[in-house]
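Undergrad: Quick one: the structure is below, questions incoming.
The values are calculated or read from the model by the stated rules, or taken from the named source; none is laboratory data. Given the structure is predicted, the values throughout are model-derived calculations rather than measurements. No Cβ is skipped: glycine too gets one built from the backbone with ideal geometry, and neighbour counts run over all protein chains shown. In case anyone asks, the SASA skips ligands and DNA or RNA and just uses the protein heavy atoms, side chains included. Shrake-Rupley method; radii C 1.70, N 1.55, O 1.52, S 1.80 Å.
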Amino acid sequence: MMFHGDIQRHADVIGEGGFARDASLPPPANASLDTCDDTALMALVAGGDADAFGVLVDRHAGALYRVAMRMLADTHEAEDVVQEAFARAWQQAPRWKPSGAGLVGWLHRVTMNLCFDRKRRFRVVLAPELPEQIDEAPLADAGIIASQARAAVAGALADLPERYRAALVLCYYEGFSNALAAEVMGLNIKAMESLLFRARRQLRELLEARDVRCRDLVPESCAA
């Protein structure tokens with residue numbers, strides 16, 4: 001996982017478009033930046049406030065990393081995407097205006113588009129699967145069955161077209177409403193619902209091909 005310092009160093013070397021905090025400026029009047037909403041923090045970031053930027057990173061990096069990991073299935077790629085998303089937030093803060101889903105929607109849209117770009121640029125090379133080891137433990141090990149089922153879901157998710165995967169990641173893993181997911185993906189609500197329907201259907205077909213049924217899955221995966 002990345003650290004705030006890594007992202008801040010990235011922002012510091014952006015170049016002439018970047019912003020350095022003026023040490024002569026008085027500290028923000030807010031008693032605690034943690035209590036500021038995203039819009040207020042972005043206004044401070046627009047003026048070069050690195051502390052406000054750090055709060056935004058702490059607040060949103062985890063969710064963006066989860067999305068990037070489920071889209072790319074690669075820790076280094078996911079970390080790079082999240083750092084690039086926050087670097088863009090730093091650069092564009094003076095021009096950023098709150099609208100719709102606010103900064104959450106904007107950051108997720110940037111992250112998703114970066115994931116799409118990387119998937120198009122690089123062919124994913126999958127390592128050959130290791131042979132399954134025979135488990136001598138009693139069949140009562142339901143945890144093993146659940147773990148295998150979750151692995152099957154992850155594999156099926158990775159095999160979906162990228163927009164299907166994005167729709168399921170946002171709505172079922174991150175808990176976005178259809179309306180918020182539609183805004184992130186640049187769709188109207190009906191198109192989003194249609195995309196989700198097709199994504200669920202294809203995921204179910206992929207799981208059935210792997211001989212996985214809903215009864216084998218943890219609740220999170222059953223939602224698909």
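Undergrad: Quick one: ranking His76, His60 by accessible area, 1.4 Å probe, largest first, what do you get?
TA: On the way: His76 130, His60 20 Å².
Largest to smallest exposure gives the sequence His76, His60.
Undergrad: Taking K and R as +1 and D and E as -1, what net charge do the other residues with C-beta under 11 Å from the C-beta of Val110 add up to?
TA: On the way: positive: Arg88, Arg109; negative: Glu84, Asp117.
My count for the surroundings of Val110 gives 0.
Undergrad: Can you pull the percent of Cα pairs in segment 56-112 with separation above 17 Å?
TA: Working: 509 of 1596 pairs.
Cα-Cα pairs of segment 56-112 separated by over 17 Å account for 32 percent.
Undergrad: If you don't mind, another one. What's the extension gain from Glu162 to Arg66 if we count 0.36 nm per residue and subtract their Cα-Cα distance?
TA: Details: separation 96, 0.36 × 96 = 34.56 nm, distance 1.55 nm.
That pair, Glu162 and Arg66, stretches by 33.0 nm at full extension.
Undergrad: Efficiency by 1/(1 + (r/R0)^6): what FRET value for Asp211 and Arg121, r their Cβ-Cβ distance, R0 = 35 Å, to the nearest 0.05?
TA: Working: r = 34 Å, r/R0 = 0.97.
The calculated FRET efficiency here is 0.55.
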